Amino acid sequence: MTSDPRRPKFPLPLDAVVERKPAPARTAGMPAVGGARSVAAAAKARAAKAPVPVPVAAASAVQARASAATAGGGGMASERARGALAARLRAAGIRDERVLDAIATVPRHLFVEPGLASQGYEDAALPIGHHQTISKPSVVARMIELLRDGLAADEPLERVLEIGTGCGYQAAVLSLVAREVFSIERIRPLHEQAKANLRPLRVPNLRLHYGDGMLGLPQAAPFSSIILAAAGMEVPQALLEQLAVGGRLIAPVAVAPSPGGPGQTVTQQLLLIERRNRHRFHRTALEAVFFVPLKSGTI
Ligand code: SAH
């Protein structure tokens, strides 16, 4: 994958985003999160309130808005906490600088209930309601790093599909390392919550969709990368079909229980699938993980 010189580099400088029209939706019924119309005004209003001037030319849109959105609410403290989290993940073995930058940029505390905000930068899964969790940052970083393997820091992923938006945190991280992100959630209140969480960050290259992610998003396929945030017994066939040749899919999947009975047995592991050609999929089983279950249908 090479970057296209005709397209702007990502992260976009703030002025590029402000002046740009929202990318035309290729799929019906999937509004972009935030729109360009109010961006200029909102950015101006926030810039006026921001405690420290954001270096506009260098900052990404999300970064600028993250600072603004947290201004007056411990903005600097959360910026430090995000940086510390990224440093911990680096020490734990995450190597992709673009992923680490994204972790250091997205204000994770805004994606959890206010009562849990103080734990927002711990490397832990936290409840988000409806028996679901926000994923552990180290696992988010690891999975995205696996999708990006071989890409330089200035090369974005192309077209990414996420199954399981939840509160929208991973979608926000993905939006900083990819050109286009589509994310599906099957629980309507969580889909709505993710929209509300992401609105102040105005992410122009992210589309949220309410539906059953096990069916994928055929109208927007093929995807160069697919990431599942919930564990199934296997990877749904529809998602394999919607993976572009040369693309990668990363998913937690259930591992059949060993005959030795219960105990400390591994029940889920990460599975990396690379599509080599139309019919050939190369599978690599990776480390043990723990995710909420992938379920069919919508509620
Ligand atoms: N991406 C989230 C993690 C959310 S937890 C983060 O940023 O931390 C996983 C989510 O997957 C849950 O919200 C759950 O409702 C959703 N999910 C499970 N099965 C699904 C399906 N078939 N389609 C879409 N979403 C699904």
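Give the residues of the stretch 211-223 that are more than 9 Å from the ligand (Cβ to nearest atom) and surrounded by fewer than 22 Cβ atoms within 10 Å (Cβ to Cβ), sorted by residue number.
So in the stretch 211-223, the residues more than 9 Å from the ligand (Cβ to nearest atom) come out as 216-223.
Passing the criteria: PRO218, GLN219, ALA220, ALA221, PRO222.
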Pairs returned, first residue in the stretch 129-147 that is touching a residue at least 12 places away in the same chain (Cβ under 8 Å) and within 8 Å of the ligand (Cβ to nearest atom), second residue that is in a helix (DSSP H, G or I) and of a type in the set (Phe, Trp, Tyr), beta-carbon separation under 8 angstrom, 6 or more apart or interchain, are ILE134/PHE111; ILE134/TYR169; SER135/TYR169; VAL140/TYR169
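Considering each of ALA196, ALA238 in turn, give the residue that is free of Cβ contacts under 8 Å to residues at least 12 places away in the same chain and either within 9 Å of the ligand (Cβ to nearest atom) or in a helix (DSSP H, G or I) (or both). Show your work before the answer.
Values: ALA238 fails: free of Cβ contacts under 8 Å to residues at least 12 places away in the same chain.
Going through ALA196, ALA238 in turn, just one is free of Cβ contacts under 8 Å to residues at least 12 places away in the same chain and either within 9 Å of the ligand (Cβ to nearest atom) or in a helix (DSSP H, G or I) (or both): ALA196.
Name the residue that is farthest from VAL160 (Cα to Cα), counting only residues in the stretch 174-185 that are touching a Lys or Arg at 6+ places or on another chain (Cβ under 9 Å) and surrounded by 24 or more Cβ atoms within 10 Å (Cβ to Cβ).
LEU176
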Being surrounded by fewer than 18 Cβ atoms within 10 Å (Cβ to Cβ), touching a strand residue (DSSP E or B) at 6+ places or on another chain (Cβ under 7 Å) and among the polar types (S, T, N, Q) is the filter here; which residues of the stretch 70-119 pass it? GLN119
Give me the pairs: first residue in the stretch 114-125 and closer than 18 Å to ARG88 by Cβ, second residue of a type in the set (Phe, Trp, Tyr), beta-carbon distance under 9 Å, and six or more apart or on different chains, which are they? GLY120/PHE111; ALA125/PHE290; ALA125/PHE291
Does SER138 qualify as being buried (at least 16 other Cβ atoms within 10 Å of the Cβ), modelled with pLDDT of 95 or more, in a helix (DSSP H, G or I) and among the hydroxyl-bearing types (Ser, Thr, Tyr)? yes
Which residues, taken from the stretch 191-228, are over 13 Å from GLU162 (Cβ atoms), among the hydrophobic types (A, V, I, L, M, F, W, C) and within 15 Å of the chain's Cα centre (by Cα)? LEU201
Being part of a loop (DSSP other than H, G, I, E, B) and within 8 Å of the ligand (Cβ to nearest atom) is the filter here; which residues of the stretch 148-188 pass it? GLY164, THR165, GLY166, CYS167, GLY168, ARG186, ILE187
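The values are calculated or read from the model by the stated rules, or taken from the named source; none is laboratory data. What you are looking at is a predicted structure, and each value in this text was computed from that prediction instead of being measured. Note that each Cβ is placed from the backbone with ideal geometry, even for glycine, and that neighbours are counted across all protein chains shown.
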